[in-house]
Amino acid sequence: MSASPPPTRPGRVLAVLVLSALLIWIDSTVLGVALERLADPVQGLGASPGQLQWAIGIYSLLFATALFAAGALGDRYGHRTVLMVGLAVFGASSAWAAWADGPVVLILARATMGLGGALIMPTSMAILGRTFAPERRAGAIAIWSSAAGVGVAAGPVLGGLLLSHFWWGSVFLINLPLVAIALIGAVAFLPNTRSPQQRRFDLRGLSLSTLGLLGVSYGLIEGGHLGGWSRWQVWASIVAGLVLIATFLYAEAREHDPSFDPRLFRNRHFAAGNLALGALFLTITGQAFYQTFYLQGTRGFSPLHAGLLSLPGAIGVVLGSPLGARLAARFGIARVSGTALAVFTLCLVLNLTFTIDTSLVWFSFVGTAAGLAIGAAVAPTTAGVVATLPMDRIGAGSAVSNAIRQVGSVLGVAVIGTIVSSTYQHAIAPSLPANLRDTAGESAEATRHAAATLGRPQLIPLANDAFIQAMHTAALVAAFFTLAGAVVLILAFRNRSAPVVEAEPVTAEV
């Protein structure tokens with residue numbers, strides 16, 4: 001039986017959940033402005049491109065796989081209880097990451113942060129689903145989703161400010177006061193809802209899915225290193241990972257009450273919505289990865305300046321989320337979210353116009369359009385996916401939905417980041433002496449460092465040109481993924497004109 005919620009107002013519940021989501025989104029973006037600093041062997045940790053990919057990707061990977069267990073734990077022990085544990089883990093691992101003394105320690109801390117985030121996200125959505133009536137749920141989800149835009153906006157700017165005055169680890173200390181406030185709000189306002197169905201903790205599924213994604217990610221990331229694709233370990237890792245993932249899906253499909261239920265994908269709206277969101281988050285993460293090095297490395301902007309340049313896109317997400325929800329209630333998901341994904345695809349193609357001296361006005365315009373498209377796609381599609389779930393499956397279904405997004409983020413760093421690395425290495429190799437290719441040719445940062453230490457400034461423009469070529473190639477690949485997502489979404493929802501019910505506005509009261 002569900003636990004009785006304490007007497008409270010839904011707006012206060014929503015405020016706490018928005019703060020919890022804001023915490024996750026700030027952390028998902030704040031590391032981006034520190035990547036260039038982390039790659040510096042003097043001011044940072046001297047991290048290689050592969051280690052930087054792992055520092056970002058391991059967070060999403062553990063986030064994705066632990067979501068399966070988090071949904072079951074929330075249904076069994078109470079969603080508020082599990083959310084609070086997640087907040088505590090997130091805060092502690094943030095402090096660990098801040099004082100990491102090497103890339104490996106940072107990667108381990110980021111993995112633990114992913115575990116904490118996994119306990120927060122599905123429990124938040126489950127509490128939303130049980131707190132708000134169906135006619136108000138779409139509005140609540142739109143406000144909750146808008147935390148993504150606020151986090152995307154605040155993370156880089158706050159991170160840039162901190163990096164201007166403190167060491168790179170300070171970017172993680174932003175999380176600590178937010179965790180404290182969220183914990184207090186959770187105790188005061190959140191209902192400790194439970195699912196009437198008690199599901200077991202799926203250790204086998206957690207192990208198979210984690211090891212499978214680790215194998216695929218390792219193969220893709222290591223393949224992007226110099227000469228990496230010729231090594232048998234790279235392909236063996238990818239194949240083994242795919243086999244483990246297939247085994248995981250087969251085993252879960254045979255379970256009576258699985259943590260990750262593949263049978264939910266029999267509903268074409270649930271399947272199409274999640275696949276489209278997975279493709280979108282793949283490209284968002286991949287684009288954020290290469291644009292960080294474009295702005296700070298190729299263009300030479302400071303972390304703060306680069307953070308400010310992310311504001312137009314973030315504001316676009318904030319504005320696009322409620323706008324997309326309202327338009328979808330009138331015109332349907334296929335027209336609104338499908339069109340938004342097509343617009344975002346166009347914005348990715350427009351990345352091909354970015355060069356060493358591109359106008360910042362044009363860069364900001366493209367970023368704003370991309371942000372509006374992201375918001376208009378995510379909010380109504382998420383609401384449409386939730387609308388397909390019965391009340392007793394909201395916890396499990398939201399875990400599946402969030403897992404697909406995080407898997408998309410993992411693949412975004414692995415696939416898009418690897419394309420950037422491989423294309424750069426191929427482009428810069430002819431310009432480097434043979435004795436420098438194994439060191440200076442690994443990344444644009446390595447080439448610039450070699451140019452400074454060896455007194456060869458002519459290598460810097462060559463590195464910049466090679467990186468821009470790599471960025472353009474990655475943008476085209478990313479555009480293919482979002483275009484495919486748009487087509488899938490339009491085909492699946494074309495006969496479902498208004499699956500999301502627009503309602504009276506919901507306000508988050510403190």
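The values are calculated or read from the model by the stated rules, or taken from the named source; none is laboratory data. Small disclaimer: the values here were computed from a predicted structure and weren't measured. No Cβ is skipped: glycine too gets one built from the backbone with ideal geometry, and neighbour counts run over all protein chains shown. Surface accessibility is based on the protein's heavy atoms, side chains included, excluding ligands, DNA and RNA. Shrake-Rupley method; radii C 1.70, N 1.55, O 1.52, S 1.80 Å.
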Here the residues within segment 421-443 that are open to solvent by less than 10 Å² (accessible area, probe 1.4 Å) and at pLDDT 75 or above are Y424, I428
Expected single match for over 19 Å from the mean Cα position of the chain (by Cα) and outside any helix (DSSP H, G or I) among P430, P457 is P457
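Yes/no per residue for (1) closer than 29 Å to A492 by Cα; (2) free of Cβ contacts under 8 Å to residues at least 40 places away in the same chain:
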residue: L280; (1), (2): yes, no
residue: Q287; (1), (2): yes, no
residue: T292; (1), (2): no, no
residue: L295; (1), (2): no, yes
residue: H305; (1), (2): no, no
Looking across segment 41-76 at residues that are more than 30 Å from I416 (Cβ to Cβ) and either among the hydrophobic types (A, V, I, L, M, F, W, C) or modelled with pLDDT of 80 or more (or both), the single one that is surrounded by the most Cβ atoms within 10 Å (Cβ to Cβ) is A72
Per the list (1) in a helix (DSSP H, G or I); (2) on the phi > 0 side of the Ramachandran plot; (3) not polar (S, T, N, Q), residue check on G300 breaks on (1)
If we ask which residues in segment 10-40 are open to solvent by 10 Å² or more (accessible area, probe 1.4 Å) and among the hydroxyl-bearing types (S, T, Y), their number turns out to be 2
Scanning segment 299-314 residue by residue, the ones that are of a type outside the set (A, V, I, L, M, F, W, C) and buried (at least 24 other Cβ atoms within 10 Å of the Cβ) total 4
Practice problem: Might you let me know whether segment 62-79 holds any residue that is over 17 Å from T292 (Cα atoms) and either in a loop (DSSP other than H, G, I, E, B) or without any contact (Cβ under 8 Å) to a residue 12 or more places away in the chain (or both)? | Solution: yes
Scanning segment 356-401 for residues that are open to solvent by 10 Å² or more (accessible area, probe 1.4 Å) and under 15 Å from the mean Cα position of the chain (by Cα), the one modelled with the highest pLDDT turns out to be I374
Note on F201: of the conditions (1) modelled with pLDDT of 70 or more; (2) open to solvent by 50 Å² or more (accessible area, probe 1.4 Å); (3) over 24 Å from G151 (Cβ atoms), unmet is (1)
